[in-house]
Amino acid sequence: MAKVRPPKGIQEISADGEEPPPEFFVKDTILAGNLSSVPLIEIPVIDLNLLLFDPTSEAYKDEVNKLLSALSSWGVFQIIGHGMSSSYLDEIRNLSKSFFSLSTEEKQKYGRASDGFEGYGSDPIFVEGQVLDWCDRLFLLAYPEDQRNLKFWPQNPANFRDIFEEYCKKVIILTGTLLNIFARSQNLEEDTFSKEIGEKTLVQARFNLYPKCPKPDKILGVKAHADASIITTLLQDKEVEGLQVLKDGKWYGVPTLADALLINIGDQLEIMSNGIFKSPIHRVAANSERERKTLAVFYSPDYEKEIEPLEGLINSERPRMFRKVKNYPAISFKCFHNGQVAIDTVKISASQ
Ligand SMILES: O=C(O)CCC(=O)C(=O)O
Ligand SMILES: [Fe+2]
């Protein structure tokens, strides 16, 4: 397995105005096409406050219908009424800004190993000929707490660790609330998803920095993929768009909404929901004019936990769609590098 790292971080390549090296150029595959501008979609904006109302109220019913339509079509939606203030979200964005503004030497103190995911660095190379993302990132495991690798957790800015930990806790609470709402929307006991996922969950975060890219028509910020998680919570850049979602073979741009959090359904929730909720294939466009920063928090079951469609969501009209899976992120990773759509490989075919 070739493990050659690009000579520099993308931030430096971009700042030095260098021509992007050829390994960043997207090859002509089905999932690549049409890198240039795509239509913006109006993805639903869900007010969480309305979903905590009396379920018999009209306000609740309208909002839950909006949510159900988002879950079963795009698999992404923005939430407001999540309890995190505008200034708090700015504080989180500033954390990312401060970290990526450090000198290369300082950031490299938290640099990932050449064959590892965790820590600071550019797209890890695991397969020869792999197309690289135009993106630097800081990838951290936050929970389970005893699996943290604090050597990758910045101490500069000084309050990075505390603020980041607090944000992860808030996202975990928010995820729990969403899972309850999702269960209720399917007439299930509200702790059905959480119980199945179990107490031990994996929470990982990716601070993404997409530097300006001179060839946005040929290069992607992040290649097309579906998240392996249960739920991904994305704090988008306040001003710069870039996320795109694939639907019916076409790419659509996702608008940014300053105080909202973007919720992205992951493959493991599509499996648990027996295909009712969709995990979207998405990618990030590169941008020649402006830099973009985001923070994705991935909430997943423990690697050892087996995941399968919930009994309550299997019936004669909707037979079981997926087999039982364990360590789905490993399946997802392997398929990604083989050019396969991971969730298709765990589908039960009609003939089985
Ligand atoms: O930065 C974004 O807009 C999305 C990032 C993403 O899809 C990911 O980190 O899995
Ligand atoms: Fe993603």
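The fraction of accessible area contributed by carbon and sulfur in the chain is 50 percent, rounded to a whole number (1.4 Å probe; ligands and nucleic acids excluded). Across all Cα pairs in the stretch 163-246, the calculated P(r) in 10 Å bins from zero up to the longest distance comes to 13, 37, 30, 16, 4, 0 percent per bin. In this structure the stretch 220-285 gives 23 Å² per residue of accessible area when probed at 1.4 Å with all protein chains present. Sites count as exposed loop sites when they are GluC sites (Glu not before Pro), lie in a DSSP loop, and have at most 10 other Cβ atoms within 10 angstrom; the longest stretch of the chain without one is 43-127.
Restricting to DSSP loop positions (anything but H, G, I, E, B) with no more than 13 other Cβ atoms inside 10 Å of their own Cβ, which trypsin sites (Lys or Arg not before Pro) remain in the stretch 201-307? Can you show the working numbers first?
Numbers: sites: Arg206, Lys212, Lys218, Lys223, Lys238, Lys247, Lys250, Lys278, Arg283, Arg290, Arg292, Lys293, Lys305; in loops: Lys212, Lys218, Lys238, Lys278, Arg290, Lys305.
Passing sites in the stretch 201-307 are Arg290.
Using just the alpha carbons, could you tell me how many Å³ per residue the convex hull of the stretch 10-102 encloses?
On the way: hull volume 14.5 nm³, N = 93.
Hull volume normalised by residue count: 156 Å³.
The equivalent ellipsoid of the chain has semi-axes of 32, 23, 21 Å, largest first, where each one is the square root of 5 times an eigenvalue of the Cα gyration tensor.
Each of Ser72, Val127, Leu48 was placed along the dipole of the stretch 29-140 (beta-carbon charges, centred on the mean Cα), and the one lying farthest toward the positive end is Val127.
State whether the stretch 72-157 is rounded, prolate or oblate according to the following rule on the C-alpha gyration tensor (a ≥ b ≥ c being the square roots of its eigenvalues): a/c under 1.5 gives rounded; otherwise a/b larger than b/c gives prolate, and the remaining case gives oblate. Present the calculation step by step, with values, prior to reporting the outcome.
Numbers: a/c = 1.74, a/b = 1.25, b/c = 1.39.
Note, shape of the stretch 72-157 comes out oblate.
Do the sum for the chain: with -39,500 (n - 2.57) for every DSSP H run of n ≥ 4, divided by all residues, what is the mean residue ellipticity at 222 nm, to the nearest 500 deg cm²/dmol? Provide the component values of the computation, followed by the final result.
Details: 9 runs with 95 residues, N = 352.
Rounded to the nearest 500, it is -8000 deg cm²/dmol.
Which angle from 0 to 90°, rounded to the nearest 10, does the C-alpha axis of helix 58-72 make with the longest principal axis of the chain? Roughly 60 degrees between the two axes. Within the chain, antiparallel bridges make up roughly 90 percent of the DSSP beta bridges whose residues both belong there.
With a/c under 1.5 counting as rounded, go ahead and sort the stretch 35-87 into rounded, prolate or oblate using the C-alpha gyration tensor (a ≥ b ≥ c being the square roots of the eigenvalues; past the cut-off, prolate if a/b is larger than b/c, else oblate).
oblate
The values are calculated or read from the model by the stated rules, or taken from the named source; none is laboratory data. The shown structure was predicted, so the numbers you read here are calculated from the model rather than taken from an experiment. Note that we place each Cβ from the backbone using ideal geometry, even for glycine, and neighbour counts take in every protein chain shown. Calculation scope for accessible area: heavy atoms of the full protein, side chains included, ligands and nucleic acids excluded. Shrake-Rupley method; radii C 1.70, N 1.55, O 1.52, S 1.80 Å.
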